[in-house]
Amino acid sequence: MTRYVRSFVRAGERQAVLAWLSELRPLWEQRWSTLRPPPPGETQRPLLRPVWWLGSWQFACLGYYRPPGGTRDRCVRAEPFPPPLRAWVERIGAEVRSSVAPSDVPRAWAPNTCLVNLYGERLVDGRSEDRGRVGDHRDHEPGPVASVSLGARALFQFVDRRGRVSEERWLDDGSLLIFAGPRHKEQLFHRVQRVDRKGAPLPPHLDDFVTRRVNFTFRYVPEEHILSLTQLSPESSADVAHYVDLLAERSSWWFDARKEAGWEGSG
Ligand SMILES: O=C(O)CCC(=O)C(=O)O
């Protein structure tokens, strides 16, 4: 099922989220470990866009959370949701309870992880490259996913495994989209086909990226699969140490987490 709420974000929340975004220095991750060869047939590449995770961080090089096989060493505890996002989570919970069949909502489901995706143009050697898309994929966290959009509208599509469009809709500024159930979570893939070029840039204002849309996807990862830095295997710790150094430069929460783990200077 899907449920779309056109005007979800309230004016005060919008201001508070824009203020939070203006301080954000998102991370450009590499898709694969920089210490081990990529899987056969894959080549190392940066992600298309910079990201930030809240609640728990799923580093691309650790392979993202992918039950049932990929649950160990995938999710690392990250900084908590800031107040305006907590308000969204409360209202998302109410929307989920009123619109999603209870059989599609795991008993302990509560959004405890949020991926913040920035869409726009990357500036490379004075040229601008459009980064307003995401390729076909599924979100493997159990239960509903709730997606809140700010800025330029995006064409969001559900597609089959051959990439044929099954459903599509424009996600407007300030909207909420919830998707849940076997068809939209397990059978179909989803993607962002393009992001409008209209509208003023959004924060953060970065040297090499002009942001025109920010999307927040709220997900649920079972608590037992969210690890502190010290619980990661030695191999995974080595893979993410450099990123944790960068996060510690950008966030006091990560600075403290790195210190608590005794990781200073390990990346
Ligand atoms: O930006 C969007 O609307 C969707 C993002 C997405 O597909 C994801 O975070 O998995």
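The values are calculated or read from the model by the stated rules, or taken from the named source; none is laboratory data. All of these numbers come straight from a predicted model, not from anything done at the bench. Ideal geometry is used to build each Cβ from the backbone, glycine not excepted, and the neighbour counts take in all protein chains shown.
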Identify, from the list Leu35, Leu18, the residue that is of a type in the set (A, V, I, L, M) and more than 20 Å from Phe218 (Cα to Cα).
Leu35
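Kindly evaluate Phe209 against the criterion of being surrounded by 15 or more Cβ atoms within 10 Å (Cβ to Cβ) and within 14 Å of the ligand (Cβ to nearest atom).
Working: surrounded by 15 or more Cβ atoms within 10 Å (Cβ to Cβ): yes; within 14 Å of the ligand (Cβ to nearest atom): no.
So Phe209 does not fit the description; no.
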The conditions are (1) outside any strand (DSSP E or B); (2) in contact (Cβ under 8 Å) with a residue 24 or more places away in the chain, and Phe218 fails exactly one of them. Which is it?
(1)
Kindly indicate the residue of the stretch 221-234 that is part of a helix (DSSP H, G or I) and out of contact with any helix residue (DSSP H, G or I) (no Cβ under 7 Å at 6 or more places or on another chain) and also surrounded by the most Cβ atoms within 10 Å (Cβ to Cβ) among those meeting that condition.
His225
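Can you tell me how many residues within the stretch 225-235 are more than 15 Å from Glu260 (Cα to Cα) and over 20 Å from the mean Cα position of the chain (by Cα)? Don't jump to the end; show me each part of the working.
Here is the first cut: in the stretch 225-235, the residues more than 15 Å from Glu260 (Cα to Cα) are 225-226, 233-235.
So of that shortlist, the ones also over 20 Å from the mean Cα position of the chain (by Cα) come out as 233-235.
Matching residues across the stretch 225-235 total 3.
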Select from the stretch 70-98 the residues that are touching a strand residue (DSSP E or B) at 6+ places or on another chain (Cβ under 9 Å), among the β-branched types (Val, Ile, Thr) and not in a strand (DSSP E or B) and list them in ascending order.
Val89, Ile92, Val96
Which listed residue is modelled with pLDDT of 95 or more, in contact with a Leu (Cβ under 7 Å, 6 or more places away or on another chain) and either over 14 Å from Arg3 (Cα atoms) or not in a strand (DSSP E or B) (or both), from Ser147, Ser166
Ser166
What are the residue pairs meeting all of these: first residue in the stretch 113-132, first residue outside any strand (DSSP E or B), second residue surrounded by 13 or more Cβ atoms within 10 Å (Cβ to Cβ), Cβ atoms under 6 Å, and 6 or more apart or on different chains?
Gly132/Tyr119; Gly132/Arg194; Gly132/Val195
Within the stretch 53-110, the residues that are among the β-branched types (Val, Ile, Thr), closer than 18 Å to Gln231 by Cβ and buried (at least 19 other Cβ atoms within 10 Å of the Cβ) are Val76
Could you list, in sequence order, the residues of the stretch 124-145 that are among the hydrophobic types (A, V, I, L, M, F, W, C) and within 11 Å of the ligand (Cβ to nearest atom)?
Val134, Val145
